[in-house]
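The values are calculated or read from the model by the stated rules, or taken from the named source; none is laboratory data. As the structure is a prediction and not an experimental result, all values here were calculated from the model. Cβ sites come from the backbone with ideal geometry, for glycine too, and all protein chains shown count toward neighbours. To get the accessible areas, we keep the full protein, side chains included, count just its heavy atoms, and leave off ligands, DNA and RNA. Shrake-Rupley method; radii C 1.70, N 1.55, O 1.52, S 1.80 Å.
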Amino acid sequence: MLSPENPPSTSSRAAALRNLLAIWLIVAVAAALRIHNLNWNSLNSDEAFSWSISNKPLLQLLSDSFFLRQDPHPPVYWLLLRMWQLLAGSSEVALRWPSAMAGTVFVALIYALGRRLFSRTAALAAAAFSALSAFFVWNSQDARMYTLGGTLALAGLVCLISGLRTGRRRWLAGYFVFTALASYTHIAGSFLLPFEGLAILLYLVLAREGQQRRAGRGALLAIVGVGVVYAPYALNAWRASAVASIIRHTPAYLELVAAVMQRATLNMELQPAWWWFGTALVGGCFALGGAGALEHRQLPRGYARAFVLLFLFATLAVISILSVRQSVFEPKTITFYGVAVALGVGAGWARLWRWHKLVAGAAGFALLGVLIFGLAFVWRPGFQKEDWRHAAAYVTAHAGPNDAVVVHLEYYRVPFSYYFRGQALTPFGSHVKTMDEVGRGFAPMLRSDNIWLVQSGEFLTDPDKLVQNWLALRYGLGTEQFPQSISVRQYVVQPAAASLPAAARKLSVEFDSGLQLVGSQLDAQRLSATEQWLHPPSNYLHLRLYWSSTRALLAEPVVQVMLEDGPGNQWGSLLERPGAVRAFYPLARQPAGALLRDELDLIVNPAAKPGVYKLVLRVKNADGSAMLANGQSYIILDEVLIVP
């Protein structure tokens with residue numbers, strides 16, 4: 001026992017200082033990773049719903065949340081986000097900032113809980129694991145309630161263990177408050193209650209002193225209080241689940257355990273060749289922590305190890321049991337119980353360090369490598385969230401004032417409208433049954449120049465693609481773009497133009513067949529050869545041509561457009577698609593003097609080096625011979641600058 005006459009030794013003070021510096025360094029790294037590239041991803045649909053719901057009228061928000069309408073989650077996160085937006089606004093960074101800060105506190109709390117259960121080394125290792133975990137980083141950059149709920153639940157567990165160790169009521173009161181808040185942030189908070197109840201009962205069984213038994217009884221009263229407070233919402237959730245239609249799957253129990261360990265480490269499931277390595281490494285450390293970790297002396301012997309094992313296995317058992325009725329497993333909820341993986345791995349690695357430092361060092365480097373491997377995918381193209389930002393930006397840049405923009409499914413109007421400032425129509429519900437229904441929905445738009453169809457998730461409720469096919473059977477396809485998990489298609493409804501638009505470049509090219517090219521318009525004259533958002537790895541160049549004729553054409557011409565360098569080497573060509581504009585509106589069928597708008601995409605070779613390239617047009621007769629214009633077999637439409 002320390003006293004003024006018996007101060008701590010110099011070595012213990014130095015050790016405490018090193019420990020303090022280590023945890024501050026880990027928390028700083030955690031904060032840096034969670035703030036880094038916070039707006040790299042577009043808001044996905046769930047995040048956009050967070051923005052939309054948090055801005056509802058307050059009474060409607062509370063009612064919809066409590067009765068599980070629209071986005072069926074409890075109200076704590078919505079209310080916090082609502083208040084936060086009053087201060088910080090609703091930009092991508094502002095919406096994600098509460099999750100990033102909660103994720104940083106989450107790492108500090110893992111250390112606090114680990115320190116109360118195990119040694120300093122185990123607590124530091126668990127905190128480092130969670131700081132570098134791609135799963136926890138990714139969810140800390142998500143404008144959803146999972147990280148906040150997991151942090152509140154973790155704060156409740158810190159208070160619970162502190163209350164059991166000290167018997168102080170303020171800790172047990174903190175456990176009650178934080179656990180109730182966690183349950184009212186996401187239903188997964190309530191999945192921990194059975195484990196927490198078992199942990200409290202186990203403590204009462206193992207307790208040997210009167211103070212320990214009093215603390216256990218106080219904790220039992222606290223968790224009963226949480227159950228009473230949460231019961232009204234739990235009842236509503238149970239009723240709602242009876243009629244809910246949720247398309248997700250809960251794996252078998254052992255598969256679920258392995259999936260949770262992999263997700264908590266990498267935020268992905270490994271390929272079969274690496275599955276055993278990842279599972280053995282993380283699971284081995286966890287098993288060692290559960291079997292032989294050095295526990296804190298103020299807890300009954302064996303309690304800390306049992307606590308961690310119950311935390312993971314009892315919680316997953318609850319999820320498996322509930323999923324018999326309706327699947328409740330959602331990978332993001334691992335934030336609530338993935339803490340057990342971090343604690344078990346940290347405790348196991350610390351035990352290995354005490355046994356054999358060389359072996360522990362090798363295991364530590366392997367774990368670090370796995371964690372860094374997972375981090376490499378957090379901000380990698382191809383692994384991003386739904387990219388509504390670039391979908392809306394493309395439509396904004398290319399749609400005209402007389403165009404109609406349709407979002408299908410209706411559910412996705414919210415994320416698209418977060419970025420798109422025009423009018424986005426949703427004439428169809430989530431389920432479309434017949435082509436006649438689709439036709440009635442499109443009828444008011446048929447005087448538009450173009451219909452832009454923005455789709456996501458249609459394979460779930462429109463598997464026959466009735467909406468897309470209705471348009472594809474009637475109108476030419478002007479372009480199609482593929483932001484992550486989204487498709488954007490332009491259908492040309494009115495290809496005839498009364499006159500050449502002001503934005504088009506006026507041309508006067510007449511071919512020997514009577515065909516005329518009167519104008520062209522490029523969407524960019526300066527671009528990179530590669531593109532990572534809309535259709536990686538190649539960039540597209542969108543070209544609009546305006547055709548006319550002095551007399552009726554005898555046959556349909558073949559149009560070729562190339563991107564060529566100075567010597568004439570080809571670095572880009574037309575992207576041939578079925579159902580293009582001239583498939584519906586052949587030039588040979590247009591009356592003399594009519595003006596036809598043609599929409600084309602050129603695909604750029606991603607290996608094209610920076611420099612100036614020519615956009616070359618060639619028109620051929622049906623027999624393959626060149627159609628001459630002013631005696632030439634080709635026309636240079638424009639120049640394009642390829643930049644690094």
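What figure in square angstrom, to the nearest 10, would you give for the accessible area of M101 with a 1.4 Å probe?
M101 has an accessible surface of roughly 70 Å² with all protein chains in place.
List the trypsin sites (Lys or Arg not before Pro) in segment 423-532 that DSSP assigns to loop (not H, G, I, E or B) and whose Cβ has at most 10 other Cβ atoms within 10 Å. Which are they?
Loop-located and lightly packed - R447.
Compute the helix-to-body angle for 120-132: its Cα long axis versus the longest principal axis of the chain, expressed 0 to 90° and rounded to tens.
Rounded to the nearest ten degrees, it is 10.
Please list, by residue number, every one of the trypsin sites (Lys or Arg not before Pro) in segment 191-238 that is coil in DSSP and has at most 13 other beta-carbon atoms within 10 Å.
Listed in order of number, the matching sites are R208.
Tell me, how many Å apart are the Cα centres for segment 88-108 and for segment 415-432?
Here the two parts' Cα centres lie 27 Å apart.
Out of all DSSP beta bridges in the chain, what portion is antiparallel? Express it as a percent rounded to 5.
Looking only at bridges with both residues in the chain, the antiparallel portion is about 85 percent.
Let me know the charge dipole size of the chain about its Cα centre in debye, to the nearest 20, where only the beta-carbon of Lys, Arg (+1) and Asp, Glu (-1) is charged. Intermediate results must be reported in sequence, preceding the final value.
Values: 54 positive and 38 negative charges, 624 e Å.
In total the dipole reaches around 3000 debye.
Please give the Cα centre distance for segment 330-391 versus segment 20-69, rounded to the nearest Å.
Distance between centres, Cα-based: 21 Å.
Mind checking which of A14, L59, A32 is farthest towards the positive end of segment 6-97's charge dipole, using Cβ charges of +1 (Lys, Arg) and -1 (Asp, Glu) about the Cα centre?
Checked the options; the winner is A14.
Mind checking the angle between helix 253-266 and the chain's longest principal axis? C-alpha axes, 0 to 90 degrees, to the nearest 10.
The two axes meet at around 70 degrees.
Could you grab the relative contact order for the chain? Cα pairs under 8 Å, six or more apart, rounded to a whole percent.
So the answer I get is 11 percent.
Rounded if a/c is under 1.5, else prolate if a/b is larger than b/c, else oblate: which is segment 106-265, with a ≥ b ≥ c the root eigenvalues of its Cα gyration tensor?
Verdict is oblate for segment 106-265.
Can you put F383, F459 in order of accessible area, largest first, using a 1.4 Å probe?
Ranking F383, F459 by accessible area, largest first, yields F459, F383.
List the chymotrypsin sites (Phe, Trp or Tyr not before Pro) in segment 308-360 that DSSP assigns to loop (not H, G, I, E or B) and whose Cβ has at most 13 other Cβ atoms within 10 Å. Which are they?
Here no loop site has a sparse enough neighbourhood.
So how tilted is helix 210-241 from the main axis of the chain? Cα-based, degrees 0 to 90, rounded to 10.
That works out to roughly 30 degrees.
Leaving ligands, DNA and RNA out of it, work out the accessible area of R544 with a 1.4 Å probe and give it in Å² to the nearest 10.
For R544, the solvent-accessible surface is approximately 40 Å².
Note down the accessible area of S52, probe 1.4 Å, to the nearest 10 Å².
Rounded to the nearest 10, that gives 40 Å².
So for segment 442-503, taking the charge dipole from beta-carbon charges (+1 Lys/Arg, -1 Asp/Glu), which of L446, L500, G476 sits furthest toward the positive end?
Result: L500, furthest along the dipole toward the positive end.
Per-residue ellipticity at 222 nm for the chain, helices alone: DSSP H runs ≥ 4 residues times -39500 (n - 2.57), over residue total, nearest 500 deg cm²/dmol?
Calculated mean residue ellipticity at 222 nm is -16000 deg cm²/dmol.
When only the heavy atoms of the protein chains count and the probe is 1.4 Å, how do I319, I603, I372 rank by accessible area, highest first? List each step's numbers first, then the result.
On the way: I319 0, I603 55, I372 90 Å².
Ranking I319, I603, I372 by accessible area, largest first, yields I372, I603, I319.
Considering only protein heavy atoms, with the full assembly of protein chains and a 1.4 angstrom probe, order V518, V324, V341 by accessible area, largest first.
Ranked list, largest accessible area first: V324, V518, V341.
Under a Cβ-only charge scheme (Lys and Arg +1, Asp and Glu -1), can you give me the dipole magnitude of segment 93-220 about the Cα centre, in debye to the nearest 20? Intermediate values should be presented prior to the final figure.
On the way: 13 positive and 3 negative charges, 113 e Å.
Roughly 540 debye, rounded to the nearest 20.
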